[in-house]
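> One structure follows; several queries about it will come next.
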Amino acid sequence: MTATLLLPRWLLTLKAGEPVQTGQAVLLEGERIAAVGAAADLMAQHPNATRVELPEHVLMPGLINSHTHSAMSLLRGVADDLGLMDWLNNHIWPLEKQWVSHEWTRLGSLFSAAEALRGGVTTLNDMYFFPEAMAEAALQAGIRAAVSINVIDFPTGYASGPDDYIAKGVAAYEKYKGERLLQFTSSPHAPYTVSDETFVKLRQLSERHDMVMHCHIHETMDEVNGGVQQHGVRPLARLEKLGLMNERMIAVHMVHLTDDEIAMLAKNKVHIAHNASSNLKLASGIARVADLDAAGVNVALGTDGAASNNRQDMFEEIRQAALLAKGSSGQPTVLNARRALEMATIGGAKALGREADLGSIEVGKLADVIAVDLSAPECRPVYHPDAQLVYVAAREHVSDVWVQGERVLKQRQLTRFNLSQVLAEVEETVAKMKAGQGA
């Protein structure tokens, strides 16, 4: 079995209660972390291991992007400075109806995987159509992915209706369920696009196959008010009555919450995927992350898709989450650097039901780790490496990434596929789309 010894200046395991350490090393064997300990001891015990010197780097767990729409990298910048429903109804959905296909989704997902890996992301929780295409892209890139069985109540170029979406998603699940890098989620789009009957079918699907659920909820006040008008209750109350608000649910956005709703979320152990930049850009609002965290709700972080953010940049989301929680609460001590980093790692792992395998550097866990180079002048001096990762470092400082023990980014270069070739394919596809729009 191949053994690799990682020798960083700083080790941030994000194991509960464990501070940043120096003089430590991490041994990878196969797909898992085999040892964590004093560098001198591990070098003596494993003289034949391949050594990777990381002299000015922080070694930390890979980031987990808890909500994204990978294929939508092909729509980055297509419709900016708009509200959510205008953006969806008048721009995104018409374009998707015209262009989205298996190949389009595969290409966009592969392009996003490159952006993710180069930004220190080792796991994507995706939501989009054509799950087989997303699975193909993730396996090619060597990135870990939660692939969605995505369902919406109206027809698209992918499926004719709810039962068709579910049937095609289950077929993809059956095809790929043995792949170590993949898991599948039961993913209703949102309360305003999915009926009670469909929600129940997807809840039953998640229970039958032990899947996490993944849904946009309470993203805007218009959504909340519309839910009250249509159903007589706020969307969260409707979904709770349908049996969806439990430890299986990753509720995305969750911007507009009452105190009672936060208490319910904590009681029911619902997970939140906080998408700070997308919420700001679409003027959806600022989520009550400090209050959620104080109530004991597990909050994970996500980027949303490249058409609404537009950066699939988890370092940006970590910083935004910390700053927004402080600014909106008036408390500079809330969501400190350590908590923000935990949300982007172990918080995401818990949301996906993978905390036994992912989210921290511990013996026996999967070897999903990243190295962040703090040698650049803009990253110096370094007093507190964990705070430096949140308030100073950027995705451009990620030098190396290992997923399941494989080095998929080596000194800023992707090792699994040719990025220049993928970029050329993207430009060709976008050129066709622009011509089709008459742009």
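The values are calculated or read from the model by the stated rules, or taken from the named source; none is laboratory data. Keep in mind that this is a model prediction, so the values were computed, not measured. Quick reminder, even Gly has a Cβ in these numbers, built from the backbone with ideal geometry, and neighbours come from all protein chains shown. These accessible areas exclude ligands, DNA and RNA; they are computed on the full protein's heavy atoms, side chains included. Shrake-Rupley method; radii C 1.70, N 1.55, O 1.52, S 1.80 Å.
> Counting pairs of alpha carbon atoms under 8 Å apart in space and at least six apart in sequence, what relative contact order in percent does region 321-361 give?
28
> Moving on. Compute the accessible area per residue over the chain, keeping the other protein chains in place, probe 1.4 Å, unit Å².
Accessible area per residue: 38 Å².
> Could you derive backbone 3J(HN,Hα) for region 250-257 from the dihedral phi with the Karplus parameters 6.51, -1.76 and 1.60 (θ = phi - 60°), listing whole Hz in sequence and x where the residue is Gly or Pro?
These are the phi-based 3J(HN,Hα) values: 9, 8, 8, 6, 6, 6, 10, 10 Hz.
> Among the GluC sites (Glu not before Pro) in region 218-256, which ones are in a DSSP loop with at most 14 other Cβ atoms within 10 Å of the Cβ? Mind listing them?
In loop regions of region 218-256 (DSSP not H, G, I, E or B), the sparsely surrounded GluC sites (Glu not before Pro) are Glu247.
> What is the sum of charges, Lys and Arg at +1 and Asp and Glu at -1, for the other residues whose Cβ falls under 12 Å from the Cβ of Glu31?
Around Glu31, the charge tally is 0.
> When you have a sec, figure out the Kirkwood radius of the chain from all distinct Cα pair distances and drop it here in Å to one decimal?
21.9
> 5 Å is the cut-off here: which amide hydrogens, built 1.01 Å from N in the peptide plane, fall below it relative to Val151, excluding neighbours closer than 5 in sequence?
Ser187, His189
> I want to verify a result. In a Gaussian network model of the chain, Cα cutoff 10 Å, which of these has the top mean-square fluctuation: Glu378, Glu29, Glu342?
Evaluated over the chain, the most mobile residue of the options is Glu378.
> Same structure again: What is the helix-to-structure angle for 196-209, meaning the angle in degrees between its Cα long axis and the longest Cα principal axis of the chain, kept from 0 to 90 and rounded to the nearest 10?
Taking the Cα atoms of the chain, the angle to 196-209 is about 30 degrees.
> In deg cm²/dmol and to the nearest 500, what is the mean residue ellipticity at 222 nm of the chain if only DSSP H runs of at least 4 residues count, each as -39500 (n - 2.57), divided by the residue total?
-11500 deg cm²/dmol
> Scan around Arg32 for amide H atoms under 5 Å from its own, H built in the peptide plane at 1.01 Å from N, and keep only partners 5 or more places away or cross-chain.
Those qualifying (amide H under 5 Å, at least 5 residues apart or on another chain) are Ala367.
> Report ³J(HN,Hα) in whole Hz for each residue of region 185-195, in order, from the Karplus equation J = 6.51 cos²θ - 1.76 cosθ + 1.60 where θ = phi - 60°; Gly and Pro get x.
Listing the rounded values in order: 10, 8, 10, x, 5, 5, x, 8, 10, 9, 7 Hz.
> If you don't mind, another one. Considering only the other residues whose Cβ falls under 13 Å of the Cβ of Arg380, what net charge follows from Lys and Arg at +1 and Asp and Glu at -1?
-2
> Heavy atoms of the protein only, probe of 1.4 Å, neighbouring chains included. What is the accessible area of Thr345 in Å², nearest 10?
Looks like 0 Å² after rounding.
> Would you mind pulling out the separation of the Cα centroids of region 293-353 and region 73-93, in Å?
Centre-to-centre (Cα) distance: 24 Å.
> For region 104-156, which semi-axes, largest first and in whole Å, follow from the square roots of 5 times the eigenvalues of its Cα gyration tensor?
After scaling each eigenvalue by five and taking roots: 21, 11, 9 Å.
> Angle check, please: helix 419-437 long axis (alpha carbons) against the longest principal axis of the chain (alpha carbons), in degrees 0 to 90, nearest 10.
20
> Continuing with the same structure: Taking all protein chains as present, what is the carbon and sulfur share of the accessible area of the chain, in % to the nearest whole number, probe 1.4 Å?
Answer for the chain: carbon and sulfur cover 49 percent of the accessible area.
> Could you work out the local net charge near Ala340, counting Lys and Arg as +1, Asp and Glu as -1, over the other residues with Cβ closer than 11 Å to its Cβ?
0
> Continuing with the same structure: On a C-alpha basis, how far is the centre of region 149-180 from the centre of region 204-229 in Å? Whole number, if you could?
17
> Enumerate the amide H contacts of Glu56 below 5 Å, restricted to partners 5 or more residues apart or on another chain; note that Pro and chain-start residues carry no placed amide H.
Arg9
> A further question follows. Which pairs, out of Lys177/Lys434; Lys267/Lys326; Lys177/Lys281, put more than 29 Å between their alpha-carbon atoms?
Lys177/Lys434; Lys177/Lys281
> Can you compute 3J(HN,Hα) from phi for each residue in region 407-418, using the Karplus curve 6.51 cos²θ - 1.76 cosθ + 1.60 with θ = phi - 60°, rounded to whole Hz and x for Gly and Pro?
Going residue by residue, I get 7, 8, 9, 10, 6, 6, 10, 5, 9, 8, 7, 8 Hz, with x marking Gly and Pro.
> If you line up the long axis of helix 221-231 against the longest principal axis of the chain, both from Cα atoms, how many degrees apart are they, to the nearest 10?
Approximately 50 degrees, to the nearest ten.
> Specify the residue with the greatest mean-square fluctuation among Ser420, Ser399, Ser109, computed from a Gaussian network of the chain linking alpha-carbon atoms under 10 Å apart.
Residue with maximal mean-square fluctuation among Ser420, Ser399, Ser109: Ser420.
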